[in-house]
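The values are calculated or read from the model by the stated rules, or taken from the named source; none is laboratory data. For clarity, every value in this text was computed on a predicted model and none was experimentally measured. Positions of Cβ are backbone-derived with ideal geometry, glycine not excepted, and every protein chain shown enters the neighbour counts.
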Amino acid sequence: MASQPPTVLFHYPGSPFAARVLYYLALRGIPYDECIQPNILPRPDLARLGIRYRRIPLLAIGRDVYLDTPLILNRLERFDPSSTTKPPFKSTATPSQHTLTTLLASYTLDTPLFKNVVCVLLPSTPLIHDEAFLKDRAEMLGGPPGFNFAEHFVLPARNDAIVEVKKTLEFLEFTLLADGRQWVAETQDPSLADIELVWPLHWLFSIPGAVPKEHITAEKFPKVYSWVERFEKAVGEARKGLRRPQTVSGEKVAAWLGKAGVEDQDEARVEQNDPVVKAQGLYQGQEVLLWPADTGANHKTKGKLVGFTSREITLDTTEGEVSVRVHAPRHGFRVAAVPVKAHLS
């Protein structure tokens with residue numbers, strides 16, 4: 001039987017976005033290894049692969065590297081590496097459960113919820129005084145000269161953020177969880193719907209002193225707190241008996257991926273009728289730049305275009321010691337051709 005491709009998660013401890021993927025891997029029992037990254041730039045392990053994208057996490061399955069947690073989870077839903085792995089969540093989800101999962105993912109990712117949680121919890125952590133961290137996050141947001149992440153972004157918004165987070169908890173307590181359900185999609189065990197909703201709240205509740213007790217307590221929101229605790233316990237139970245991930249150096253990961261093959265060819269085409277393809281004249285094999293449209297837009301990954309569809313943008317990196325195939329979601333990412341340098345005769 002052919003050996004399984006290496007599965008490596010690039011992340012740093014405490015990343016709430018990485019936690020989404022870690023929950024998923026645990027609940028499905030998918031074995032993986034990890035390449036721990038600093039929580040600020042630079043990240044030479046990724047530069048070695050020709051990746052300038054600055055957000056965490058990234059997931060490598062063989063030579064395919066996936067950016068952005070929605071795409072990572074989507075790929076894992078198509079991934080069944082061994083007979084010991086639990087089946088993808090979608091295989092047992094009803095249409096209504098799938099719809100709820102999609103809506104909850106949008107609720108946590110496409111609304112100000114995450115920003116509000118950041119503004120509530122960050123002042124209670126040492127990071128609020130960490131100049132290197134504050135400078136890094138200011139650069140990620142693309143702030144003007146003199147922009148201070150704490151003074152100009154977090155602290156002025158904290159009181160309003162508390163109100164907005166409290167509204168989210170009220171919605172969950174008195175609407176979604178009001179009927180006493182154990183899991184948000186009324187499943188027997190935690191599902192992808194729980195993963196999509198729980199991560200910012202688990203992050204908030206797990207940091208000592210982060211929750212403003214005069215506004216948010218387990219007594220005021222017992223169903224929400226019980227659900228988060230239940231989820232944490234379920235993930236802990238799922239991890240028992242699983243192989244502990246090996247912590248791997250960036251050099252070793254690069255060596256692994258350099259020998260690995262491309263596993264995912266599903267989106268390896270350029271859709272010629274796409275309006276962006278038509279407007280920019282994009283074609284397969286063209287040298288392009290790829291970047292996220294919101295935060296971290298200054299960090300563009302260069303490569304040869306492999307695929308451009310309604311779901312994914314795919315390219316082979318060209319600036320690292322090892323070339324990998326990068327997959328980014330179409331939603332929230334941009335591509336532009338690398339300008340061709342004029343040759344003077």
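Among the residues of segment 169-185, which ones are of a type in the set (Asp, Glu) and either farther than 24 Å from residue 92 by Cβ or touching a helix residue (DSSP H, G or I) at 6+ places or on another chain (Cβ under 8 Å) (or both)? Correct list: 170, 173.
Of all residue pairs spaced 6 or more apart or on separate chains, those with beta-carbon atoms under 6 Å, a first member in segment 84-107 that is within 17 Å of residue 27 (Cα to Cα) and a second member that is of a type in the set (A, V, I, L, M, F, W, C) and surrounded by 14 or more Cβ atoms within 10 Å (Cβ to Cβ) are 85/30; 89/192; 101/192; 101/193.
Within segment 310-335, the residues that satisfy the criterion of being outside any strand (DSSP E or B) and either among the basic types (Lys, Arg) or over 14 Å from residue 264 (Cα atoms) (or both) are 310, 311, 318, 319, 320, 321, 322, 323, 330, 331, 332.
What about residue 293, is it surrounded by fewer than 16 Cβ atoms within 10 Å (Cβ to Cβ), among the small types (Gly, Ala, Ser) and in contact (Cβ under 8 Å) with a residue 24 or more places away in the chain? So residue 293 fits the description; yes.
Results for (1) outside any helix (DSSP H, G or I); (2) touching a residue at least 12 places away in the same chain (Cβ under 8 Å); (3) out of contact with any strand residue (DSSP E or B) (no Cβ under 9 Å at 6 or more places or on another chain); (4) buried (at least 20 other Cβ atoms within 10 Å of the Cβ), shown as yes or no for each residue.
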residue: 9; (1), (2), (3), (4): yes, yes, no, yes
residue: 20; (1), (2), (3), (4): no, yes, yes, yes
residue: 25; (1), (2), (3), (4): no, yes, no, yes
residue: 40; (1), (2), (3), (4): yes, yes, yes, no
residue: 46; (1), (2), (3), (4): no, yes, no, yes
residue: 51; (1), (2), (3), (4): yes, yes, no, yes
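Counting the residues of segment 260-290 that are outside any strand (DSSP E or B), modelled with pLDDT of 95 or more and charged (D, E, K, R) gives 4.
Considered as a group, the residues in segment 206-245 that are in contact with a helix residue (DSSP H, G or I) (Cβ under 6 Å, 6 or more places away or on another chain) and charged (D, E, K, R) include one that is modelled with the highest pLDDT, and that residue is 223.
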